[in-house]
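Taken together, the values in this text are just the output of simple stated rules run on the coordinates, not laboratory data. If you're wondering where the values come from, they're calculated on a predicted model, not measured in any experiment.
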Amino acid sequence: SCGATLGVLVRPHRVISLGATVRTASKATLKGDATVPNLAYVGYEDTCEASRDMTWPLWLAAGIAVFPGEDWTLTADVQYSDWSTMDVLKTSYADPAWTPLIADKAERPLRWTDTTQVRLGAEYRVGPGLAVRAGYYRDPTPVPDTTMNVLLPSYDFNALTMGVGY
């Protein structure tokens, strides 16, 4: 299915901009071939067509930009992601014989939790066309330790950023 992203930006005063965005949940079906080496030795095909339905979560975001002086821009925003809607990843196999063989891998419980990201930024325009920027963001993982795995790794991120723009 399809989703939608809607946003609004208003500037109630020359020194303040406010914005908000909503992205609706959207569904996708991933399809491809699954391969388990050496299944032929026990009488099965090594490869089988597989599919997995996934729903990407709703997210809501809001931000503010403040222009305290001619050369400065300060920004902050928050984003809420409804990750708990991604409860279980279920894989379907075209060959029914594969389902009992891969039963422990066909359904992967996620137990993800909703998260809120926070971002802060500053820009100083040094001269014509040249700007210096710095920022911070916190992006907590939705993945609990009990369901983290190599297929879907996720970590808490706390990052400082710096840059120059021309």
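The table for this structure:
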item: Per-selection Kirkwood Rh - the chain (Cα, Å, 1 d.p.); result: 19.6 Å
item: The range 23-154: relative contact order as a whole-number percent, Cα under 8 Å and 6+ apart; result: 20 percent
item: Computed helical MRE - 222 nm, the chain, DSSP H runs ≥ 4 contributing -39500 (n - 2.57), nearest 500; result: -500 deg cm²/dmol
